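Participant: I'd like to ask you about the structure that follows.
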Amino acid sequence: MATFIVLLGPPGVGKGTQAKILADTKKLAHISSGDLFRENIKNQTELGKHAKSFIDKGELVPDDVTINMIRERLNRPDCEIGAILDGFPRNPAQAVALEKMLAEFNGQVKAVPYITAPESVLVERISGRWTCRANGHIYHQMFNPPKQTGVCDLDGSDLYQREDDKVETVTKRIRVYLEQTIPLVEYYRKSGKLIEVNGAQAVEQVSLDLCSAVKNIIL
Ligand code: AP5
Ligand code: MG
C-alpha cells in the first residue's frame with residue numbers, strides 16, 4: 001500500500017522546507033498545492049488565473065478546483081509508492097476527498113506531522129523568504145541565505161518574493177488558517193494520526209524530529 005504523509009502547519013512554519021528534505025531522504029514525491037498553483041499562475045493557465053484571484057487575497061482556492069488539481073498530480077507515476085503532501089488537505093472537506101482519492105490508488109494517509117511555531121516566528125520567516133522562480137527552492141535572507149544574492153544555489157534561476165507574502169496578506173492567511181485549517185488538526189487528532197513537531201527550532205533539528213516522528217511509518 002502506498003504511503004502518504006500529510007504535513008500540517010500554519011503559513012511560514014517550514015512545511016515546504018521540511019517536505020523537500022523528507023521527500024528527498026525517503027525517496028517519495030513532494031506534492032505542494034501552493035507550488036502547483038504558482039506553476040499554473042506562471043504559465044498563465046485558466047486554473048492559474050482563477051486561483052490567483054483567491055491567493056492574492058490570502059483566501060483558500062475553492063475546494064473543487066484544488067481537489068481536481070491534486071487528483072491529476074496523484075495520477076503521475078512518481079506517486080505510485082507514496083508522497084509527502086504539503087498544503088493539502090487544508091480543511092476537513094479536502095481531507096475526506098483525499099481519503100476517497102487515495103482509496104482508488106490503494107494508498108492511505110499514514111501520519112500527519114503537525115509543525116507549530118508562534119505567530120512572531122511565522123512572520124519573521126515569511127518576511128525574509130526568497131523563492132526560486134524555476135523550481136520553488138526556498139531560502140531565507142538570514143536563516144538560509146543563498147550563496148549569491150538573488151540566485152538559486154541549486155538551479156541558478158532568480159529568486160523572488162511571493163506576492164502573497166505582503167504583511168496584509170500574511171495576516172489574512174494566518175486568520176484563514178485559524179478558521180479553516182485548525183478544524184482539520186482536530187480531525188486528524190481524533191483519527192490518532194497527528195504527531196506534533198516543534199517548528200520553532202533550527203531547520204536541521206525540526207528535520208531530525210520529523211524523521212523520528214515518522215520512523216515507524218516510512219523506512
Ligand atoms: P502555500 O504555498 O501552501 O502557503 P502556506 O501554507 O501559507 O505556507 P508557506 O508556503 O507560506 O510556508 P511554509 O510552511 O511552506 O514555509 P517555508 O518552508 O516556505 O499556499 C499559498 C496559497 O495557495 C494559500 O494562501 C491559498 O490561497 C492557496 N492554497 C494552497 N493550498 C491550498 C489548498 N489545499 N486549498 C485551497 N487553497 C490552497 O518556510 C518559510 C521561510 O522560513 C523560508 O524562508 C524558509 O527558508 C524559512 N525557514 C523554514 N524553516 C525554518 C527554520 N526551522 N528556521 C528558520 N527558518 C526557517
Ligand atoms: Mg510552502
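Participant: From (1) assigned to a helix (DSSP H, G or I); (2) away from ligand 2 (no atom under 16 Å from the Cβ); (3) over 23 Å from LYS215 (Cα atoms), pick out the condition that doesn't hold for THR25.
Facilitator: Evaluating THR25 over (1) assigned to a helix (DSSP H, G or I); (2) away from ligand 2 (no atom under 16 Å from the Cβ); (3) over 23 Å from LYS215 (Cα atoms) leaves (3) as the failure.
Participant: Let me ask something else. Return the total of residues in segment 1-22 being more than 13 Å from ligand 2 (Cβ to nearest atom), within 14 Å of GLY87 (Cα to Cα) and not β-branched (Val, Ile, Thr).
Facilitator: Looking only at that region, the number is 1.
Participant: Take the residues in segment 18-42 that are over 13 Å from ASN135 (Cα atoms) and not aliphatic (A, V, I, L, M), then tell me which one is nearest to ligand 1 (Cβ to nearest atom).
Facilitator: SER33
Participant: Just name the residue that is surrounded by the fewest Cβ atoms within 10 Å (Cβ to Cβ) out of those in segment 138-175 that are among the basic types (Lys, Arg) and closer than 17 Å to SER32 by Cβ.
Facilitator: So the residue we want is ARG162.
Participant: Within segment 154-163, can one find any residue that is modelled with pLDDT of 95 or more and within 30 Å of MET1 (Cα to Cα)?
Facilitator: Scanning segment 154-163 turns up no residue that is modelled with pLDDT of 95 or more and within 30 Å of MET1 (Cα to Cα).
Participant: Being within 15 Å of ligand 1 (Cβ to nearest atom), closer than 30 Å to LYS215 by Cβ and not basic (Lys, Arg) narrows it down to one residue among GLY82, GLY48, GLY107, GLY87; which is it?
Facilitator: GLY87
Participant: Only one of ALA134, ALA93, ALA97 is among the aliphatic types (A, V, I, L, M), under 19 Å from the mean Cα position of the chain (by Cα) and in a loop (DSSP other than H, G, I, E, B). Can you tell me which?
Facilitator: Within the list ALA134, ALA93, ALA97, the selection yields ALA134.
Participant: What single numbered condition from (1) closer than 24 Å to SER191 by Cβ; (2) loosely packed, with under 14 Cβ neighbours inside 10 Å; (3) in contact (Cβ under 8 Å) with a residue 40 or more places away in the chain fails to hold for ARG76?
Facilitator: Every listed condition holds for ARG76 apart from (1).
Participant: Can I ask one more? Given the condition buried (at least 19 other Cβ atoms within 10 Å of the Cβ), under 17 Å from ILE126 (Cβ atoms) and among the β-branched types (Val, Ile, Thr), answer yes or no: does some residue in segment 52-62 qualify?
Facilitator: yes
Participant: Moving on. So which residues in segment 28-47 are surrounded by 12 or more Cβ atoms within 10 Å (Cβ to Cβ), under 23 Å from ILE84 (Cβ atoms) and either of a type outside the set (D, E, K, R) or away from ligand 2 (no atom under 15 Å from the Cβ) (or both), if there are any at all?
Facilitator: Residues satisfying the conditions are LEU28, ALA29, HIS30, ILE31, SER32, SER33, GLY34, LEU36, PHE37, ASN40, ILE41, LEU47.
Participant: Restricting attention to segment 177-211, report how many residues are assigned to a strand (DSSP E or B) and more than 10 Å from ligand 1 (Cβ to nearest atom).
Facilitator: 4
Participant: Here are some conditions: (1) under 24 Å from ALA103 (Cβ atoms); (2) touching a helix residue (DSSP H, G or I) at 6+ places or on another chain (Cβ under 7 Å); (3) more than 13 Å from ligand 2 (Cβ to nearest atom). ASP56 meets all but one. Which one does it not meet?
Facilitator: Every listed condition holds for ASP56 apart from (1).
Participant: Limited to segment 137-164, what total is found for residues that are part of a loop (DSSP other than H, G, I, E, B) and of a type outside the set (Val, Ile, Thr)?
Facilitator: Qualifying residue count for the region: 17.
Participant: Right, another one. Going by what's in this entry, would ILE70 be described as of a type in the set (Val, Ile, Thr), closer than 23 Å to VAL112 by Cβ, more than 8 Å from ligand 1 (Cβ to nearest atom) and part of a helix (DSSP H, G or I)?
Facilitator: no
Participant: In segment 28-52, how many are in a helix (DSSP H, G or I) and over 24 Å from PRO92 (Cβ atoms)?
Facilitator: Qualifying residue count for the region: 9.
The values are calculated or read from the model by the stated rules, or taken from the named source; none is laboratory data. Values in this document were obtained by computation on a predicted structure and should not be read as measured data. Virtual Cβ from ideal backbone geometry, glycine too; neighbours counted across all protein chains shown.
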